[in-house]
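Heads up, the thing below is written out as structure tokens.
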Amino acid sequence: MPSSVEAILAQWDQAAEDYVFPMLDNGYVYPVDTRLHVFADAEQWALVIEVVGYSPRALALDNALHFYGEPLNRQPGPANSDIFYPVEGVLVNADNPERVMPGLTEVSIRGQTVSLPPREDPENIVELYRSLVPVHRDLLFATEDELRSRLSPGLPKLLQLEAWHHPDLAGEERPSGSETFVQLAHVIAARDVSLYRPSRQPNTHWKNWPDGGTL
């Protein structure tokens, strides 16, 4: 039987309680970009949230895929095997994890060499990663094959969101109190995309989460 709206929201709320639901102002990660996918049929469903960010402690940009669903043959949330590192090579100044290696003019993203765009502060590593989004955004996210390899074969994709209104988990908001995720739960339960009718403006852009990466 398909999951109920209540059961779907309960899984997401529990993930938030367990700190495995995306917190876009995570103090250890500078946010760069996000993407959300909804899959469902009459027997099963999956929600995948991609969170791209820079961790000064790991000295790398990563894309952490957060998986939820039913059935789910693992714990909800991210896993080490679902973290991608799309930008290759050493970009960080060895003396300062928030500065760019001197003389850097291009980077390799998934094997594609791209020139770095002009930036207000060319030595700021976070600004460098964020500057890649306007032109090279898709290269930072998982491919459809990478997503599909982690899901049941043939599970239909109902919806893909490039921006949405995300709950402020640090401010005690939960998915069950979020218009976005309540509507997404209804979309999954009914397999009806028309039930996603957001009235709130998206807030997933990194500018809306200034505390991200500041610890």
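The values are calculated or read from the model by the stated rules, or taken from the named source; none is laboratory data. Computed from a prediction, not measured in an experiment: that's the story for all the values here. Here the Cβ positions follow ideal geometry from the backbone for every residue, glycine too, while neighbour counts run over all protein chains shown.
A compact table of results
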quantity	calculated
Filter result for residue 160 (within 18 Å of the chain's Cα centre (by Cα) and either of a type outside the set (A, V, I, L, M) or in a loop (DSSP other than H, G, I, E, B) (or both))	yes
Selection within the range 162-173 - more than 16 Å from residue 64 (Cα to Cα) and either touching a residue at least 60 places away in the same chain (Cβ under 8 Å) or not small (Gly, Ala, Ser) (or both)	163, 164, 165, 166, 167, 168, 169, 170, 172, 173
Identity of the residue in the range 95-111, within 22 Å of the chain's Cα centre (by Cα) and in a loop (DSSP other than H, G, I, E, B), that ends up farthest from residue 139 (Cα to Cα)	111
Matching residues, the range 158-174, being in contact with a strand residue (DSSP E or B) (Cβ under 9 Å, 6 or more places away or on another chain) and either surrounded by 15 or more Cβ atoms within 10 Å (Cβ to Cβ) or hydrophobic (A, V, I, L, M, F, W, C) (or both)	158, 159, 161, 163, 164, 166
Top-ranked residue of the range 12-62 - restricted to ones that are surrounded by fewer than 19 Cβ atoms within 10 Å (Cβ to Cβ) and polar (S, T, N, Q), ranked as modelled with the highest pLDDT	14
Which listed residue, of 199, 176, is polar (S, T, N, Q) and assigned to a loop (DSSP other than H, G, I, E, B)	199
Residue within the range 178-185 that is more than 25 Å from residue 19 (Cβ to Cβ), modelled with pLDDT of 95 or more and acidic (Asp, Glu) present	no
Residue list for the range 179-196, filter: part of a loop (DSSP other than H, G, I, E, B) and in contact (Cβ under 8 Å) with a residue 60 or more places away in the chain	191
Close pairs from the range 67-94: first under 17 Å from residue 140 (Cβ atoms), partner surrounded by fewer than 15 Cβ atoms within 10 Å (Cβ to Cβ) and among the small types (Gly, Ala, Ser), Cβ under 8 Å, at least 6 apart	87/108; 88/108; 88/111; 89/108
Among the residues listed as 155, 147, the single one being part of a helix (DSSP H, G or I), in contact (Cβ under 8 Å) with a residue 24 or more places away in the chain and surrounded by 15 or more Cβ atoms within 10 Å (Cβ to Cβ)	147
Residue check for residue 122: assigned to a loop (DSSP other than H, G, I, E, B) and not polar (S, T, N, Q)	yes
Some residue of the range 130-143 being touching a residue at least 60 places away in the same chain (Cβ under 8 Å), among the hydroxyl-bearing types (Ser, Thr, Tyr), surrounded by 13 or more Cβ atoms within 10 Å (Cβ to Cβ) and at negative phi	no
Selection count where residues are within 24 Å of residue 214 (Cβ to Cβ) and acidic (Asp, Glu), scope the range 110-151	4
Count of residues meeting criterion [assigned to a loop (DSSP other than H, G, I, E, B) and either touching a Gly at 6+ places or on another chain (Cβ under 8 Å) or not small (Gly, Ala, Ser) (or both)] in the range 1-54	17
